[in-house]
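Structure record follows, encoded as structure tokens.
The values are calculated or read from the model by the stated rules, or taken from the named source; none is laboratory data. Everything quoted here is computed from the prediction, not taken from an experiment. FYI the Cβ positions are ideal-geometry reconstructions off the backbone, even for glycines, and counts take in every protein chain you see.
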Amino acid sequence: MAFPVTRLRRLRRTEALRSMVRETRLTPDAFIYPLFVCPGEGVRKEIRSMPGVFNLSVDEAVKEARATKAAGVPSIILFGLPEKKDEVATGAWADDGIVQKAARAIKREVPDLVIMGDVCLCEYMSHGHCGIVKSAPGPQSLGAAAVANPPATGEFEIVNDASLELLARTSVSLAKAGVDVIAPSDMMDGRVAAIRKGLDEAGLINTPILSYAAKFASGFYGPFREAADSAPQFGDRRSYQMDGANIREAMREIELDVEEGADMIMVKPAMPYLDVIAAARERFDLPLAAYQVSGEYAMIEAAARNNWIDRERVMMESLLSIRRAGASLILTYYAKEAAKLL
Ligand SMILES: [Zn+2]
């Protein structure tokens, strides 16, 4: 039955009607709020390219965690800025690592909040890569010297299998410190299985894994590297993060992580990869998360500061688009603010 009998505008006439037929809704319980924890006390340092987002010392992170919970957001994800970096990412897996300290403090003060722990090595490595770096070909580990005197592409390799042990060790350490969900973001092959095995052997059989399954090498991560001080000192991450052109390969990445024991999966970034989110939703039945990354946030903030867009409206529309594409969980720097608006 076509026009004039069918008139779709009939159901758009009032907000009550529009609300009644709304297909997708945002709820605060879908949000995960990222926090960047740094050394010190009373530190609350705004990230230049991410206005409204801060590096927080543990005491400030506890306050922020409390405010997050109060806003109705059930979960945070922690990233760490260690005091020192080295060639074996000690800060990632040390018992007194910055995220371990933050997790213990937050668990004690805000016990009901779900704490996720990002598991990667880049923030803790002097070279800023997500795994162990070796000269190729050759066995020697590249460390501080390589940062001072960067090797050319082809002269170094991010070593997959040797990195798995460090990722598993980091995961066990975080879970023991009170992290509820382990979220590996490194994109090494086989890391979900290695982490699962590590957790199980440590008796942590109930700790779930949220895998950054389809993480693309993206220009949208720019501001994050300032936030987490994790930019690679030489080369880039294209040999382990995914090529932005590949959706079929993204499905293979997710499938492998599911087989290896992931409990939840993630697509990152979100808005430039909504088709990947939709395809993953269609194909997999696990809870599906999407990360609205720093560059997505920074673009909205920058345009809003110029009065080129309506900030609140675009913020909510961007989150709605990610939800509509099929993400059940959204990692977003807007978590607290959007929750208050809902
Ligand atoms: Zn990394």
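What number of residues in the range 148-171 are touching a helix residue (DSSP H, G or I) at 6+ places or on another chain (Cβ under 7 Å) and without any contact (Cβ under 8 Å) to a residue 60 or more places away in the chain?
Within the range 148-171, residues that are touching a helix residue (DSSP H, G or I) at 6+ places or on another chain (Cβ under 7 Å) and without any contact (Cβ under 8 Å) to a residue 60 or more places away in the chain number 4.
Restricting the first residue to the range 275-287 and requiring it to be farther than 13 Å from A213 by Cα, which pairs with a second residue that is in a helix (DSSP H, G or I) meet a Cβ separation below 6 Å and a spacing of at least six or different chains?
So the pair list comes out as A278/A325.
Kindly check whether there is at least one residue in the range 272-287 that is among the basic types (K, R) and part of a loop (DSSP other than H, G, I, E, B).
no
Applying the selection to the range 187-240, what residues are in a loop (DSSP other than H, G, I, E, B), farther than 16 Å from P269 by Cβ and either basic (K, R) or more than 14 Å from the ligand (Cβ to nearest atom) (or both)?
Matches in the range 187-240: D189, G190, A202, G203, L204, I205, N206, T207, P208, F234.
Which one of K197, K215 is surrounded by fewer than 23 Cβ atoms within 10 Å (Cβ to Cβ), at pLDDT 95 or above and in contact with a helix residue (DSSP H, G or I) (Cβ under 9 Å, 6 or more places away or on another chain)?
K197
With the requirement that a residue be surrounded by fewer than 15 Cβ atoms within 10 Å (Cβ to Cβ) and either closer than 21 Å to C122 by Cα or among the polar types (S, T, N, Q) (or both), what does the range 237-275 give you?
R238, D243, N246
Tally time: how many residues in the range 124-137 are near the ligand (Cβ under 9 Å from one of its atoms) and surrounded by fewer than 24 Cβ atoms within 10 Å (Cβ to Cβ)?
Selection size over the range 124-137: 1.
Any residue in the range 219-237 that's touching a residue at least 12 places away in the same chain (Cβ under 8 Å) and farther than 15 Å from K85 by Cα: show its pairings with residues that are more than 10 Å from the ligand (Cβ to nearest atom) and of a type in the set (F, W, Y) at Cβ separation under 7 Å, as long as the two are six or more apart or on different chains.
Short answer, once both residue conditions are applied: A227/F36; G235/F156.
If you check every pair at least six apart or on different chains, which have Cβ atoms under 6 Å apart with a residue in the range 183-209 that is under 21 Å from V133 (Cα atoms) and among the polar types (S, T, N, Q) first and a residue that is assigned to a loop (DSSP other than H, G, I, E, B) and within 16 Å of the ligand (Cβ to nearest atom) second?
S185/C120
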